[in-house]
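To start, the structure itself, in structure tokens.
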Amino acid sequence: MSIKEYRTAIEARGGLLVVRDTPGVAFGDRVRIENHAGQIRNGQVIRAADEEVLILVFEGTDDLDLENTWVRFLDEPVEIALSPEILGRELNGLGEPRDGRPPVLSGLRRPVGGSAINPAARTYPREFIQTGVSTIDGLNSLVRGQKLPIFSGSGLPHNRLAAQIVRQARLVDENSSFSIVFAAMGVSYADAKFFRDEFANSGVLRNVVMFVNLADDPPVERLTLPRAALTAAEYLAYDLDHHVLVVLTDMTNYAEALREVATAKGDVPARKGYPGYLYSDLAELYERCGRIHDRRGSITMMPVVSMPSDDITHPIPDLTGYITEGQIVLSRELHNRGIYPPVHISPSLSRLMKDGIGKDDTREDHPRVAAQLYSLYARAQETRNLASIIGADELSERDQRFLKFADAFDAQFVTQGEHEERSIIDTLDLAWRLMARFPREQLTRLHETDLARHLPHDD
């Protein structure tokens, strides 16, 4: 390791520091900055040239006296210490403790940028993951190795839903639970305390490693935090053979920090001021999820994306949707009606659902039940729209049945207690009770064997 130290800082703007006359410094090198008072800050080289380098300072550049600032290039990437003891800990974006306990001591350190995975070594995501939430398990099933984001809006209960999934996620055919890597970026103190208390009170904290950046912490640290979290997830999955569920909240805060740094660097802005490389930057994070041949462990990811002004076409949810395999969309209209979780069924989708449900995974009738529920609910939504125009009293008897089904579906299937865990069998049985409202001839997506087993008598 070749350490170089300079006192040639010439400019500080935002979280960026410019240092001149630094030959031989490499992109991605870790930097230690000492100010006139002896205080130490951490940084990383994000643009390198012999004439000058640009450094991302994680603690910000406030109060730096440039003439009396020493910049030490450590000739190594930003790394975090890894050991089984990271479970149960709360760390910051550099892997340093936030819980008042000693640092993680380990001889194993890995770069937060991760290692490239040979695409040929990847294996297809499979195996149903039970979240205990009917709208996800029944209609938008999550499978091991999948990336399934939650699209939400300001004021919607995405934090409560994320915490519920963390508490309840498990593989139904194995006597095992998930290790959880939870990364919170730009959250309020109240939200951080909510997650901490939820995990501690439910008993899952011992299986959780939390990476937390608060709203008043340096924004540039948010760029490193999800990478540190995913490095921990890769260690747990591929070194210790754990099933790992990664929850990233909120990716909008991450993207805004990226925009802030890109603007300070002078990068050419694209849509809504975000840099043109936003897509590749998000893909760099999301694609670290998955399964690898001959490894028992896996990484499943559920990023939370808050949509500014509830706009699903905003660049962040839009690009996230291109990279991931579906989305869970939360509805403000359902939330205003007091429904929790307010999952909007129509735009929600799990593209890998078919590979994790059915006879060998959940139950033989699951694919057909899901298709039938979607069909009935779509028709029921059309009936609701019609009723809003002509009035419910003017509807035919058949349409009245669809209208009652829609209300029952929202009240019984979608609505679920925050601490209510439903097995996939409970969810499917509930779906059958709702479908029993219809004559058999309207249940066209079900097999006769399904009907005979679950609806032995016409209602």
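General remarks:
- In the range 234-291, residue nearest to Gly114 (Cα to Cα) [restricted to those that are in a strand (DSSP E or B) and free of Cβ contacts under 8 Å to residues at least 60 places away in the same chain]: Pro275
- Matching option when the condition is farther than 27 Å from Gly153 by Cβ and aromatic (Phe, Trp, Tyr), among Phe402, Phe413, Phe409: Phe402
Residue by residue, here is whether (1) out of contact with any Phe, Trp or Tyr (no Cβ under 9 Å at 6 or more places or on another chain); (2) closer than 22 Å to Ala169 by Cα; (3) assigned to a strand (DSSP E or B); (4) not basic (Lys, Arg) holds:
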{"residue": "Arg295", "(1), (2), (3), (4)": "no, yes, no, no"}
{"residue": "Met301", "(1), (2), (3), (4)": "no, yes, yes, yes"}
{"residue": "Pro347", "(1), (2), (3), (4)": "no, no, no, yes"}
{"residue": "Arg363", "(1), (2), (3), (4)": "yes, yes, no, no"}
{"residue": "Ala371", "(1), (2), (3), (4)": "yes, no, no, yes"}
{"residue": "Asn385", "(1), (2), (3), (4)": "yes, no, no, yes"}
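- Between Gly321, Gly326, the distinction of being out of contact with any Lys or Arg (no Cβ under 8 Å at 6 or more places or on another chain) and surrounded by fewer than 22 Cβ atoms within 10 Å (Cβ to Cβ) belongs to Gly321 only.
- Subset tally (residues that are within 24 Å of Glu441 (Cβ to Cβ), surrounded by fewer than 16 Cβ atoms within 10 Å (Cβ to Cβ) and free of Cβ contacts under 8 Å to residues at least 24 places away in the same chain) for the range 393-407: 5
- For the range 169-194, a tally of residues being over 20 Å from Leu148 (Cα atoms) and either under 19 Å from the mean Cα position of the chain (by Cα) or part of a helix (DSSP H, G or I) (or both) returns 9.
- Restricting attention to the range 48-89, the residues being within 29 Å of the chain's Cα centre (by Cα) and open to solvent by 50 Å² or more (accessible area, probe 1.4 Å) number 4.
- Some residue of the range 14-34 being out of contact with any strand residue (DSSP E or B) (no Cβ under 8 Å at 6 or more places or on another chain), in a loop (DSSP other than H, G, I, E, B) and within 18 Å of Pro77 (Cα to Cα): yes
- Screening Leu236, Leu282, Leu230, Leu240 for residues that are farther than 27 Å from Val19 by Cα, open to solvent by 20 Å² or more (accessible area, probe 1.4 Å) and out of contact with any Phe, Trp or Tyr (no Cβ under 8 Å at 6 or more places or on another chain) leaves exactly one candidate, Leu240.
- Single condition Leu225 does not satisfy, out of (1) in a helix (DSSP H, G or I); (2) closer than 24 Å to Leu334 by Cα: (2)
- Those residues of the range 350-364 which are among the hydrophobic types (A, V, I, L, M, F, W, C) and either in contact with an Asp or Glu (Cβ under 8 Å, 6 or more places away or on another chain) or closer than 17 Å to Phe413 by Cα (or both), in sequence order: Leu352
- Restricting attention to the range 1-17, the residues that are within 15 Å of Gly60 (Cβ to Cβ) and either within 32 Å of the chain's Cα centre (by Cα) or surrounded by fewer than 19 Cβ atoms within 10 Å (Cβ to Cβ) (or both) add up to 6.
- Restricting attention to the range 103-119, the residues that are open to solvent by less than 80 Å² (accessible area, probe 1.4 Å), under 30 Å from Val143 (Cα atoms) and among the hydrophobic types (A, V, I, L, M, F, W, C) total 2.
- Any pair with Cβ under 9 angstrom, 6 or more apart, that starts in the range 330-348 at a residue that is closer than 14 Å to Gln412 by Cα and touching a residue at least 12 places away in the same chain (Cβ under 8 Å) and ends at one that is basic (Lys, Arg) and open to solvent by 10 Å² or more (accessible area, probe 1.4 Å): Tyr340/Arg160; Pro341/Arg160; Pro342/Arg332
- Whether a residue is open to solvent by less than 50 Å² (accessible area, probe 1.4 Å), free of Cβ contacts under 8 Å to residues at least 40 places away in the same chain and on the phi < 0 side of the Ramachandran plot was assessed, and Asp365 does not pass this test.
- Residues of the range 251-279 that are of a type in the set (Ser, Thr, Tyr) and open to solvent by 40 Å² or more (accessible area, probe 1.4 Å): Thr263, Tyr277, Tyr279.
- Number of residues in the range 408-459 that are of a type in the set (Asp, Glu) and either open to solvent by less than 40 Å² (accessible area, probe 1.4 Å) or modelled with pLDDT of 90 or more (or both) equals 7.
The values are calculated or read from the model by the stated rules, or taken from the named source; none is laboratory data. Treat the numbers as computed from the prediction; the structure is a model and nothing was measured. Note that we place each Cβ from the backbone using ideal geometry, even for glycine, and neighbour counts take in every protein chain shown. Side chains included, ligands, DNA and RNA excluded: accessible areas come from the protein's heavy atoms. Shrake-Rupley method; radii C 1.70, N 1.55, O 1.52, S 1.80 Å.
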